[in-house]
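Input: a single structure, listed below in structure tokens.
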Amino acid sequence: MKKKIGVIGAGFGGLTVACLLAKKGHKVTLFEKNDQVGGRARIFEEKGFKFDMGPSWYLMPDTIKEIFEELGYDVNKELNLVRLDPHYKMFFNDEAIKIRKDMSENYKLFERLEPRVTPKIKKYLDEAKYKYDTAMEHFIEKPYLKATDLINWKMLKEGRNLDLFSSFDSHLRKSFRSDKIRKILGYTMVFLGGSPKNTPALYSLMSHGDFNLGVYYPKGGMNALAKALEKIAKELKVKIQLKTSVEKIEVEKRVAKRIVTDKKTYEFDEVVVNADYAWAETNLLEKKYQTYKRKYWNKKIIAPSAFMIYLGIKGKIKGLEHHNLMIENDWMQHFNEIFENPGWPENPSYYVCMPSKTENGVAPKGHENLFILVPTAPGLDDNDVIREKYAEKILNELEKRINQKLTDKIVVKKIYTQRDFKKDYNAFKGTALGLAQTLFQTALFRPKNKSGKVKNLYYVGQFTNPGTGVPITMISAKIVKKLIENESN
Ligand SMILES: Cc1cc2nc3c(=O)[nH]c(=O)nc-3n(C[C@H](O)[C@H](O)[C@H](O)COP(=O)(O)OP(=O)(O)OC[C@H]3O[C@@H](n4cnc5c(N)ncnc54)[C@H](O)[C@@H]3O)c2cc1C
């Protein structure tokens, strides 16, 4: 049966689910409070610079390709994808190293950092591939509405091999003596919004993506992926209502009937929420229809926010690659300042993205486009004085790292952090990445893709299953599409 479906929020989860449902013939309307699609992957343009505001790593290309195929499109025709080499550059306190596309180069590097480590790395990457393939085949595309989704024969058999019950940190410590190797293999848990101590070793599967599947860049930035989905949505007749803020979901006898926006009220058969789960449950629904109330969210481990500085720089910068990770010797202190004792990090590890290394069009000729991202605890105090002071500190640190002056070459500078995430996306506690991917916030324990209180209400995006990250939120759209399709049949 064809239905009228309202989707709230045009992040990757919302855009993808709108496309998938429209492809099945449903009549879909997509509401977005901002003036462009993409959610946290919006773009900001000034003086000829084009900045990706959020994600910048195009990971799990096969997953994205499959979703495009399901929609009847070839991702390679819709996007101009470039494989990056080096994948990234890691700056330690005493040296900088590059992780290359060519694994033989990486093995040489690993041998220098820890003699005779190659067989151990090979074993680690084989295990990562095994975990990745098993998760993709058996675990990731599930809504976990019931315990049997998790506790099945395969799970009981594979549970130990998947390293669900040890931490990423202890897994790396057991496997490698070199602190640098541990950091190279371990930094990916930042993508999951966790720390080495609270992220299960299962997620070493991210290294499979990093080393085996490759790191890509879509020309036009990550926002080009959002634009491609927007184009497909329009071709599939999705009605996209930008600058339209949803204010209420009206429910009658446990059935969502209407979406009330700041402009008009609409009737639907099914409602899908992509706006931050915590915000939407506690703001759009009456208390009796909230599956997870404020108390629940306050107890959760919320993933980091981000302190971002978008910079347009006059002249060329030497020594930076497209992706650059600035790693402090004691990175646990920074993780503690995110998860244990929240505060502005004193000696942070941070990320610098310079897409103008790969694409001329993102900056005027003779200029560089870069953004700096420092992961921070969600819910920190944020005012103009704090942010300016913190930006100065980080810029000074970066200048020292790369031994070049930047502050006198700034043409564009925009700071974006806690209060902007709240204002622009209704982000719970200003989080950038949603809910941390800890063991007890994974699968069965993660807020569900379907409401427990309202029969025809679904959730898609980084707060629900399977989790955080662009391709992962696109998978959550597949889960919700299947749930709605199963109930329609
Ligand atoms: C700085 C940063 C860097 C990142 N880096 C990477 C990376 O390199 N690679 C990667 O894979 N992932 C990365 N991520 C994570 C990834 O971007 C997110 O997991 C993903 O984009 C979240 O998508 P989502 O579907 O949950 O929706 P969101 O992007 O959270 O979008 C939700 C949408 O709902 C809208 N909305 C909210 N309230 C309302 C309302 N009342 N009415 C209408 N609309 C509403 C919001 O405006 C927003 O557009 C990064 C995230 C950030 C913030």
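The values are calculated or read from the model by the stated rules, or taken from the named source; none is laboratory data. Every value quoted in this text rests on a predicted model; they were computed, and no experiment measured them. Cβ sites come from the backbone with ideal geometry, for glycine too, and all protein chains shown count toward neighbours.
Looking across region 168-187, the residues that are part of a helix (DSSP H, G or I) and either closer than 19 Å to Met326 by Cβ or modelled with pLDDT of 95 or more (or both) come down to Asp179, Lys180, Ile181, Arg182, Lys183, Ile184, Leu185, Gly186, Tyr187.
Yes/no matrix, rows are residues, columns are (1) in contact with a helix residue (DSSP H, G or I) (Cβ under 7 Å, 6 or more places away or on another chain); (2) over 30 Å from Glu281 (Cα atoms):
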position	(1), (2)
Tyr351	no, yes
Asn360	no, yes
Asn369	yes, yes
Thr376	yes, no
Ile394	no, yes
Thr417	yes, no
Phe421	yes, no
Asn426	yes, no
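Need pairs with beta-carbon distance below 8 Å; first residue among the hydroxyl-bearing types (Ser, Thr, Tyr) and within region 245-258, second within 15 Å of the ligand (Cβ to nearest atom) and part of a loop (DSSP other than H, G, I, E, B); sequence gap 6+ or separate chains. The qualifying pairs are Ser245/Lys33; Ser245/Asp262. Within region 450-462, restricting attention to residues that are more than 7 Å from the ligand (Cβ to nearest atom) and either crowded, with 24+ Cβ neighbours inside 10 Å or of a type in the set (A, V, I, L, M) (or both), the residue that is nearest to Glu270 (Cα to Cα) is Leu457.
State all residues of region 28-37 that are within 14 Å of the ligand (Cβ to nearest atom) and either among the charged types (D, E, K, R) or closer than 20 Å to Ile479 by Cβ (or both); if no residue qualifies, say none. Those that are within 14 Å of the ligand (Cβ to nearest atom) and either among the charged types (D, E, K, R) or closer than 20 Å to Ile479 by Cβ (or both): Leu30, Glu32, Lys33, Asp35. Of the strands (runs of 3 or more DSSP E) lying entirely inside region 1-119, those carrying at least 2 residues that are closer than 16 Å to Glu230 by Cα are 4-8, 27-31.
Counting just the residues of region 402-427 that are assigned to a helix (DSSP H, G or I) and surrounded by fewer than 19 Cβ atoms within 10 Å (Cβ to Cβ), which one comes out nearest to the ligand (Cβ to nearest atom)?
Asp424
Could you tell me whether Tyr144 is part of a helix (DSSP H, G or I) and touching a Leu at 6+ places or on another chain (Cβ under 9 Å)? The answer is no for Tyr144.
Okay, residues lined up against (1) over 27 Å from Lys239 (Cα atoms); (2) more than 10 Å from the ligand (Cβ to nearest atom); (3) touching a residue at least 24 places away in the same chain (Cβ under 8 Å):
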position: Gly6; (1), (2), (3): no, yes, yes
position: Phe12; (1), (2), (3): no, no, yes
position: Val17; (1), (2), (3): no, no, yes
position: Gly39; (1), (2), (3): no, no, yes
position: Ile97; (1), (2), (3): yes, yes, yes
position: Ser104; (1), (2), (3): yes, yes, no
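So, of the residues in region 377-392 that are out of contact with any Gly (no Cβ under 9 Å at 6 or more places or on another chain) and touching a residue at least 40 places away in the same chain (Cβ under 8 Å), which turns out to be surrounded by the fewest Cβ atoms within 10 Å (Cβ to Cβ)?
If we filter region 377-392 for residues that are out of contact with any Gly (no Cβ under 9 Å at 6 or more places or on another chain), which is where we start, we get 381, 383-392.
If we keep only those that are touching a residue at least 40 places away in the same chain (Cβ under 8 Å) as well, we get 386-387, 390-391.
On the way: Ile386: 15, Arg387: 19, Tyr390: 21, Ala391: 21.
The extreme case among them is Ile386.
Of all residues in region 206-240, those that are over 23 Å from Val17 (Cβ atoms) and of a type in the set (S, T, N, Q) total 2.
State yes or no: is Thr468 under 12 Å from the mean Cα position of the chain (by Cα), under 17 Å from Ala41 (Cα atoms) and among the β-branched types (Val, Ile, Thr)? Walk me through how you get there before you give the answer.
Values: under 12 Å from the mean Cα position of the chain (by Cα): yes; under 17 Å from Ala41 (Cα atoms): yes; among the β-branched types (Val, Ile, Thr): yes.
Here the answer is yes, as Thr468 does meet what is asked.
Listed by position, the strands (runs of 3 or more DSSP E) enclosed by region 233-293 that each have at least 3 residues that are out of contact with any helix residue (DSSP H, G or I) (no Cβ under 8 Å at 6 or more places or on another chain) are 255-261, 265-267.
Looking at Met308, Met326, Met332, Met354, which one is surrounded by fewer than 20 Cβ atoms within 10 Å (Cβ to Cβ) and within 23 Å of the chain's Cα centre (by Cα)? Please lay out each step first, then the result.
Numbers: Met308 fails: surrounded by fewer than 20 Cβ atoms within 10 Å (Cβ to Cβ); Met326 fails: surrounded by fewer than 20 Cβ atoms within 10 Å (Cβ to Cβ); Met354 fails: surrounded by fewer than 20 Cβ atoms within 10 Å (Cβ to Cβ).
Residue meeting the stated conditions: Met332.
Using the structure shown, decide if Leu225 is over 17 Å from Lys453 (Cα atoms), away from the ligand (no atom under 14 Å from the Cβ) and not acidic (Asp, Glu).
Taking the combined requirement at face value, the residue does not satisfy it.
A single entry from Gly25, Gly48 fulfils the requirement of being more than 9 Å from the ligand (Cβ to nearest atom) and under 23 Å from Lys4 (Cα atoms): Gly25. When Thr473 is tested against (1) assigned to a loop (DSSP other than H, G, I, E, B); (2) within 10 Å of the ligand (Cβ to nearest atom), exactly one condition is not met: (1). Picking from residues in region 428-446 that are buried (at least 22 other Cβ atoms within 10 Å of the Cβ) and polar (S, T, N, Q), the one that is farthest from Asp169 (Cα to Cα) is Thr431. Checked against (1) buried (at least 20 other Cβ atoms within 10 Å of the Cβ); (2) closer than 14 Å to Gly379 by Cβ, Leu320 passes all but a single condition, namely (2).
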